[in-house]
Amino acid sequence: MRQIILDTETTGLDPKQGHRIIEVAGVELVNRRLTNRHFHHYVNPDRDIDEGAQAVHGISTEFLADKPRFNDIADAFLDFIAGAELVIHNAPFDVGFLNAELELLGKPPVTTFCNKVTDTLKMARDNYPGKRNSLDALCERLEIDNTHRNLHGALLDAELLAEVYLVMTRGQDGFAMVFEESAEAIALNADSSRLRQLRIQTANEQDLQEHQKVLDQIQKESGGKCLWLSQTALQ
């Protein structure tokens, strides 16, 4: 399972008013592990940046003057996200800007190139109804260190969002691990005589204690909805 945790910074709030992307970044997860592969570019928007937007991300028109334009990085960006699931906080905003940039280049929408888009803001609102669900609020709630985040920045925000996403989904799809059987493993499963030779390893006391710590953490983060604990209580 390949996922790209994505974020953008822009000149303003609405691409329909001619606002453009000025920074785009993504970090790669494969089977819920960071691979250290990332994509990051500042982009010259060929227009001014709204004062309010600059106050949020701190990026100036002067800083972007010598940066590439979106058409210069578009193909590399699309190659990076190809076939992956995009994970974005407030996805309609970023997807709207990406689609506007691609449309200017005569290219189809971003969803044509990726597998699907997951909105972590919607996920957070479902998990924490009635609470603040900004990236900063989620970092505080989930005990993720964001003290080095004074301004918004696409790469930093993507890295923080990756941590937030992994914690938020730990009790949901975190145990939906992907197993790719090798030819050797398939052969082993087919050979019952070899299976009979396998040694059974039971959990020791330390293993059981570590297992209980994981269950307690899931219970805390899921708001008391850990199935393993509830089933144990019924026995």
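Evaluate segment 197-211: report whether one residue or more is among the polar types (S, T, N, Q) and at pLDDT below 55.
So far as segment 197-211 goes, no, none of its residues is among the polar types (S, T, N, Q) and at pLDDT below 55.
Restricting to segment 61-75, name every residue that is exposed (fewer than 12 other Cβ atoms within 10 Å of the Cβ) and either over 24 Å from the mean Cα position of the chain (by Cα) or among the aliphatic types (A, V, I, L, M) (or both).
Glu62, Ala65, Asp66
Please tell me if Phe77 is aromatic (Phe, Trp, Tyr), touching a residue at least 12 places away in the same chain (Cβ under 8 Å) and closer than 23 Å to Leu135 by Cα.
Considered against the rule, which asks whether it is aromatic (Phe, Trp, Tyr), touching a residue at least 12 places away in the same chain (Cβ under 8 Å) and closer than 23 Å to Leu135 by Cα, Phe77 comes out as no.
Which of the residues spanning segment 38-53 are over 13 Å from the mean Cα position of the chain (by Cα) and within 29 Å of Thr118 (Cβ to Cβ)?
If the condition is that a residue be over 13 Å from the mean Cα position of the chain (by Cα) and within 29 Å of Thr118 (Cβ to Cβ), then Phe39, His40, His41, Tyr42, Val43, Pro45, Ile49, Asp50, Gly52, Ala53 are the ones that fit.
Residue check, Asn99 against (1) over 24 Å from Arg32 (Cα atoms); (2) touching a strand residue (DSSP E or B) at 6+ places or on another chain (Cβ under 6 Å); (3) polar (S, T, N, Q), all met but one. Which one?
(2)
Take Thr118 and tell me if it is at pLDDT 95 or above, within 16 Å of Ile4 (Cβ to Cβ) and assigned to a strand (DSSP E or B).
It is true that Thr118 is at pLDDT 95 or above, within 16 Å of Ile4 (Cβ to Cβ) and assigned to a strand (DSSP E or B).
The values are calculated or read from the model by the stated rules, or taken from the named source; none is laboratory data. As the structure is a computational prediction, the values presented were derived from the model and not from experiment. Here the Cβ is made from the backbone with ideal geometry for all residues, glycine too, and neighbour counts use every protein chain on show.
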